[in-house]
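Worksheet: one structure, shown below.
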Amino acid sequence: RKTISKEVSDYMKTYLQAVVEEGTGYAAGIEGYTIGGKTGTAELDKNNNVNSWFVGYAKKGKKQLAIAVVYENIKDGTISAKECAKEIFDDYFK
């Protein structure tokens, strides 16, 4: 069943790709891949640990992958959700 129109789909792809190409999801980008996504606002808990998330997709050639990365209670200096997404995308397309 068709859930959204092609026009809405194209708009969402443009928006999500802009998040990775020039916005808050920049750390998830990899040259040569089509990647789109949405970052979550990092939040500090009462112990100053960070919670973050990234939901996105990547396409290279005919291969595609959609993922959701959620980190809770991250200590300072630990990889972010968008950096983890980049590693997952890079590993998947090797």
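The values are calculated or read from the model by the stated rules, or taken from the named source; none is laboratory data. Everything numeric here is computed off the predicted structure, so don't read it as measured data. Using ideal geometry, Cβ is built from the backbone for each residue, glycine included, and neighbour counts are taken over all protein chains shown. What goes into the accessible areas is simple: the full protein's heavy atoms, side chains included, and nothing from ligands, DNA or RNA. Shrake-Rupley method; radii C 1.70, N 1.55, O 1.52, S 1.80 Å.
Observations on the model:
- In order through the stretch 50-63: 3J(HN,Hα) via Karplus (6.51 cos²θ - 1.76 cosθ + 1.60), integer Hz, x for Gly, Pro: 9, 10, 8, 8, 8, 10, x, 9, 9, 9, 9, x, 8, 7
- The mean sequence distance of close C-alpha pairs (under 8 Å, at least 6 residues apart), as a share of the length of the chain, puts its relative contact order at 22 percent.
- Think of a 1.4 Å ball rolled over the protein heavy atoms: the stretch 17-76 then has 66 Å² of accessible area per residue.
- Heavy atoms of ASP91 accessible to a 1.4 Å probe, total area in Å² rounded to 10: 110
- Put a plus charge on the Cβ of each Lys and Arg, a minus charge on the Cβ of each Asp and Glu, and nothing anywhere else: the dipole of the chain about its Cα centre is then about 600 debye.
- Signed unit charges on C-beta, dipole axis of the chain, positive-most listed residue ASN51, VAL19, ILE67: ILE67
- Apolar share of the accessible surface for the chain: 51 percent from carbon plus sulfur atoms, 1.4 Å probe.
- Peptides 26-34, 52-60 ordered by average Cβ neighbours within 10 Å, highest first: 52-60, 26-34
- Helix 81-92 axis, angle to the chain major axis (alpha carbon atoms, nearest 10°): 50
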